[in-house]
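Beneath this line is the structure, given in structure tokens, with notes to follow.
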Amino acid sequence: PWDIFIDNKDTTLYAVWEKDTVLAVNSSNNAVISKAGQSKYFTYTPTKDGIYVIYSTSDADTRVYLYNSVGVQIEDDDESGDGRNFRLQYNMTAGTTYRFKIKYNDANVTGTIPFVFGEVYEVSYDVNGGTGVVYSQSKDYGKELTLRTTKPTRKGYTFLGWSTSAGSKKPEYLAGDSLTTNEDTVLY
């Protein structure tokens, strides 16, 4: 990706800069790679402590790197288990600026890398007088979550499903349904 300098004269070379793109939380984005070997940089400074995720939404062979506020690499991912996509999750501290670098693994590829950046939410289950443990789940911003199929039991009652209200008589969700809400959620 480097050019060869062949002029036979004194020459001053000037640095050329591209400002990092500032990410908005809970947003869809694109990293446009227009020159082979190029990477795109993004920054984010959270206003609250929490777990955040960045994940690609195409099947391009890509990689993401995460750097702390002094430029030290702290995480990276290129094979999140979903084809050739990346998915990186990190517990960020409010007021600290983090920097992401996105690039194709193949240095000769250019194009657009679509990705999502957002919060990770907790979905917890309250058996509401029943017995049995239904473990909580993490949900990435923008992705559907399949609810647990584990069903609690309660003597003299039939489990109908889950609701966001402890006193509900009708379920909003059945075991195994999809949840699309982008917020921390307690299901009763």
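The values are calculated or read from the model by the stated rules, or taken from the named source; none is laboratory data. Just so it is clear, the structure is predicted and the values come from calculations on it, not from any experiment. As a convention, Cβ positions derive from the backbone with ideal geometry for all residues, glycine included, and neighbour counts pool all protein chains shown. Keep in mind that these areas ignore ligands, DNA and RNA; they rest on the heavy atoms of the full protein, side chains included. Shrake-Rupley method; radii C 1.70, N 1.55, O 1.52, S 1.80 Å.
Cα convex hull, the range 144-188: 73 Å³ per residue, rounded to a whole number.
Among the chymotrypsin sites (Phe, Trp or Tyr not before Pro) within the range 97-159, those in coil by DSSP and having at most 13 neighbouring Cβ atoms inside 10 Å are 135, 157.
In a DSSP loop and with at most 13 other Cβ atoms within 10 Å, the GluC sites (Glu not before Pro) in the range 117-167 are 144. For a 25 Å ceiling on Cα separation, which of these pairs sit above it: 9/101; 48/169; 19/103; 48/139; 101/143? In this structure, 9/101; 48/169 exceed 25 Å between Cα atoms. Placing a pseudo-label 7 Å from each Cα along the Cα-to-Cβ vector at residue 43 and residue 165 gives an inter-label distance of 4.6 nm. Gain on full extension, evaluated as 0.36 nm per residue between residue 122 and residue 22 minus their Cα-Cα distance, stands at 33.4 nm. Each Lys and Arg adds +1 at its Cβ and each Asp and Glu adds -1 at its Cβ; summed about the Cα centre, the chain shows a dipole of about 680 debye.
Only one residue of 166, 150, 110 has its Cα farthest out toward the positive end of the dipole of the chain, where Lys and Arg carry +1 and Asp and Glu -1 on Cβ, and that residue is 166. A simple spin-label model places the labels of residue 99 and residue 6 3.4 nm from each other, with each point 7 Å out along Cα-to-Cβ.
Exposed loop positions in the chain were taken to be trypsin sites (Lys or Arg not before Pro) whose DSSP state is not H, G, I, E or B and which have at most 13 other beta-carbon atoms within 10 angstrom. Between these positions, the longest stretch is 49-153. Which percent of the accessible heavy-atom area of the chain goes to carbon and sulfur, probe 1.4 angstrom? Looking at the chain in its full context, I get 47 percent from C and S. A full extension of the chain between residue 184 and residue 13 corresponds to an added length of 56.4 nm, given 0.36 nm per residue minus the alpha carbon distance. Go ahead and run the numbers for FRET between residue 155 and residue 30, Cβ-Cβ distance against an R0 of 41 Å, rounding to 0.05. E between residue 155 and residue 30, to the nearest 0.05, is 0.15. Residues in the range 1-97 average 67 Å² of solvent-accessible surface per residue, probe 1.4 Å, ligands and nucleic acids excluded.
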